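In what follows, a single structure is set out as structure tokens and then discussed.
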Amino acid sequence: SAGHGNDQQLFIIGGGQERRALFELTLPAAPAGAVLLKATFGLRLESNAAVGLAERRLQVRELSQAVNEGSASWNNWGNGSSRKWMLPGGDFGPVLASTRVPASTGDGPVTFDVTAPVAQAFAADPVVLSFIVMENGAPPAAPAELAFTSSEGDASGVPTLTLQYCEP
């Protein structure tokens, strides 16, 4: 039931100690006639607690509800008893993008190609996108947390949505 909206780090791990990271990103208004060429969602891995630094697979999915950073938790997407996830841990759709953290990686950038889902939302008005990042498959033996920089953490590594587009 605890919210983690002000945490300095975002933790992701699969299995029995499951942790997932929720994101609300604003896709800016598209310039008139612009064509989206590429969209990437980037995170900065601060540390990998896995002893052997095995390869890890991550995925991004779209959440069914816009999240409220201050009150989202494992059980709720917002304040109040009417704002509960249908399934604890978040209600989400199919995989939008996946990536891997290569073996022997302790820190560094992690990016997802989200061109297809962002292209569908690319419009004349700003659009809010709600994502969940989770581990695909079982993690290595504990401790195995992947710690990523949050917007409240190191300013040089905040989560980003980078758009490349051409104007007519």
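The values are calculated or read from the model by the stated rules, or taken from the named source; none is laboratory data. Everything numeric here is computed off the predicted structure, so don't read it as measured data. Note that we place each Cβ from the backbone using ideal geometry, even for glycine, and neighbour counts take in every protein chain shown. These accessible areas exclude ligands, DNA and RNA; they are computed on the full protein's heavy atoms, side chains included. Shrake-Rupley method; radii C 1.70, N 1.55, O 1.52, S 1.80 Å.
Among 70, 78, 33, the largest mean-square fluctuation in a Gaussian network model of the chain, built with springs joining Cα atoms closer than 10 Å, belongs to 33. Karplus-based coupling profile of the range 61-73, in residue order and whole Hz: 10, 8, 6, 6, 10, 5, 8, 9, 3, x, 10, 5, 8, with θ = phi - 60° in 6.51 cos²θ - 1.76 cosθ + 1.60 and x standing for Gly or Pro. The translational diffusion coefficient of the chain, from Stokes-Einstein at 10 °C and 1.306 mPa s with a Kirkwood hydrodynamic radius over alpha carbon pairs, comes to 95 µm²/s. Computing FRET efficiency as 1/(1 + (r/R0)^6) for residue 103 and residue 49, where r is the C-beta to C-beta distance and R0 is 22 Å, gives about 0.90. Couplings for the range 131-137, taken from phi via the Karplus curve 6.51 cos²θ - 1.76 cosθ + 1.60 with θ = phi - 60°, read 10, 10, 10, 9, 7, 9, x Hz in order; Gly and Pro are left as x. For the chain, relative contact order (Cα pairs under 8 Å, six or more residues apart, normalised by length) works out to 45 percent. Over the range 1-79, accessible surface divided per residue gives 51 Å², non-protein components excluded, 1.4 Å probe.
Between residue 87 and residue 125, the modelled label-to-label distance comes to 3.1 nm, taking each label 7 Å out from Cα in the direction of the beta carbon.
Considering only 101, 51, 110, give the residue with the highest GNM mean-square fluctuation for the chain, with springs between Cα atoms whenever their separation is below 10 Å. In this elastic network of the chain, the residue with the biggest mean-square fluctuation among 101, 51, 110 is 51. Classify the range 1-81 from the C-alpha gyration tensor, please: rounded if a/c falls under 1.5, else prolate or oblate depending on whether a/b exceeds b/c. Cα axes put the range 1-81 in the oblate bin. Across the range 78-168, the volume of the C-alpha convex hull divided among the residues equals 192 Å³ per residue.
Between residue 37 and residue 25, residue separation times 0.36 nm minus the direct Cα-Cα distance comes to 2.5 nm.
Under 5 Å from the amide H of residue 85 lie the amide H atoms of 76, 77, each residue being 5 or more positions distant or on a separate chain, with H modelled from the backbone and absent for Pro and chain starts. Hey, any idea what % of the range 122-168's accessible area is carbon plus sulfur with a 1.4 Å probe? Ligands and nucleic acids excluded, carbon and sulfur reach 53 percent.
Here is how the number arises for the chain: DSSP H runs of 4 or more residues each give -39500 (n - 2.57), the sum is divided by the residue count, and the result at 222 nm is -1000 deg cm²/dmol.
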